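In what follows, a single structure is set out as structure tokens and then discussed.
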Amino acid sequence: MIVDVHTHTPTHQAAVPEDERRGYQGWRTDRAVVTTNSWTDYDKATEAADLSIVFNIAVEKPEEATGLPYRAEDTNTATAAFVTADPARRMGFMSVNPTAPDVLEEADRCRELGLVGVKLGPNYQNFDPLSQPALDFYSYCERHGLPILFHQGASPIRQAPLRYTYPLVTDEVALQFPELRIVMAHMGHPWGRETVVTIRKHPHVYADVSSIYLRPWVCYESLLAAQEWGTAHKLLLGSDFPIATTAEAIAGIRRVNDIVAGTALPKISPELIEGIIHADAVAALGLQKGIR
């Protein structure tokens, strides 16, 4: 089974009206990303996956803070409605800000809606991931078996603090919460080596490869580190829709050796690449397909 663990909830249920179309230039160097997408657009983009994990990010001004123009008040309800429409092929994660006074009430509500994990972007949400409110929320997630997918690494959003996304911060989280299932998004790009040594030491910490295939050297360097440190079995497939499609993600990591063709540099093994594409993310994250 192919699982795309990193996709963003489409902004529109029906076709996007022409006057509501939006795009963002900062994520890819080859083209702008269309940030307004329908449910049908999402299905086409993820058709190479058997199952996808989908989420928004809880911020007050989504387009300004994340580049994606969804309604802040619909952050979790939109995800839940989208997942409910096709539970065989979608799993939903909630997003909350751990510093919000009603964070646990919202998390409880989202669990009742059927959302089975959490997406956090401390840089976009502007909270210290090692602050006491954040630690309290991780404890809640550990108790309730909610995996957390953290944005990790770079972002083109100017006001998003990079220090909140450095991979070694996740090491400190995992030291305090050893049973918490964690996914480090984007292999912490450009800090792939730091991500690799973190997932190596913690049994329940994983990384996804979303977006790294858009930068061939970062992709090669990160996967080579995983190969050399024996952590490739802890890498999960992700597209980062709408930035890319699942098929693009698969094709991108299959091309990882192109950049070193004709050189004496070591190659990434085909078995490693296929292992990422077919990784059992559902089991890794302690989830059960079809049960929310």
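Helical runs assigned H by DSSP (4 residues or longer) give the chain a calculated mean residue ellipticity at 222 nm of -10000 deg cm²/dmol, each run adding -39500 (n - 2.57) before division by the residue total. DSSP finds beta bridges in the chain, and of those with both partners inside it, around 10 percent are antiparallel.
Between T198, T46, T77, the GNM of the chain built on Cα springs shorter than 10 angstrom shows T77 fluctuating the most.
For H6, the residues whose amide H sits under 5 Å from its own are I53, S239, D240, ignoring neighbours fewer than 5 places away on the same chain, with H placed 1.01 Å from N. For V260 and A100 in one chain, what is 0.36 nm times their gap in residues minus the Cα-Cα distance, to one decimal in nm? Taking 0.36 nm per residue and subtracting the Cα distance, the gain is 52.9 nm.
Packing around the peptides 86-92, 4-10, 147-153, taken as the average count of other Cβ atoms within 10 Å per residue, puts them in this order, highest first: 4-10, 147-153, 86-92.
Percent of accessible area on the chain owned by carbon and sulfur, 1.4 Å probe? Solvent-exposed carbon and sulfur of the chain make up 52 percent of the total.
Springs between Cα atoms under 10 Å define the GNM used for the chain, and in it the highest mean-square fluctuation of S269, S211, S95 occurs at S269. Placing unit charges on the Cβ atoms only, positive for Lys and Arg and negative for Asp and Glu, gives region 3-285 a dipole magnitude near 660 debye about its Cα centre.
Per residue, the accessible area of the chain comes to 42 Å² when a 1.4 Å probe rolls over the protein heavy atoms.
Out of D41, D19, D30, any idea which swings most in a Gaussian network model of the chain, alpha carbons joined below 10 Å? Evaluated over the chain, the most mobile residue of the options is D19.
Summing charges over neighbours of T7, with a neighbour being any other residue whose Cβ is under 10 Å away from its Cβ, gives -1 when K and R count +1 and D and E count -1.
Phi angles of region 111-119 translate, via the Karplus equation with coefficients 6.51, -1.76, 1.60 and θ = phi - 60°, into HN-Hα couplings of 4, 5, 6, x, 7, 10, x, 9, 10 Hz per residue; Gly and Pro are given as x. Under 5 Å from the amide H of W27 lie the amide H atoms of V33, each residue being 5 or more positions distant or on a separate chain, with H modelled from the backbone and absent for Pro and chain starts.
Across the chain, the relative contact order, built from alpha-carbon pairs under 8 Å that are at least six residues apart, equals 19 percent. Under a 5 Å amide H cut-off, with hydrogens placed 1.01 Å from N, L149 pairs with V118, K119, L120, V183 among residues at least 5 apart or on other chains. Just how far, in whole angstrom, is region 15-39 from region 51-120 if you go by their alpha carbon centroids? Here the answer is 20 Å between Cα centres. The calculated FRET efficiency for S131 paired with L162, based on their beta-carbon distance and R0 = 30 Å, is about 0.95. The lysines whose alpha-carbon is closer than 25 Å to the alpha-carbon of K267, local same-chain residues fewer than 8 away aside, are K201, K234.
The values are calculated or read from the model by the stated rules, or taken from the named source; none is laboratory data. Since the structure is predicted, the reported quantities are computational estimates derived from the model, not experimental observations. Cβ atoms come from the backbone with ideal geometry, glycine included; neighbour counts cover every protein chain shown. Heads up: the accessible areas ignore ligands, DNA and RNA and are worked out on the full protein's heavy atoms, side chains in. Shrake-Rupley method; radii C 1.70, N 1.55, O 1.52, S 1.80 Å.
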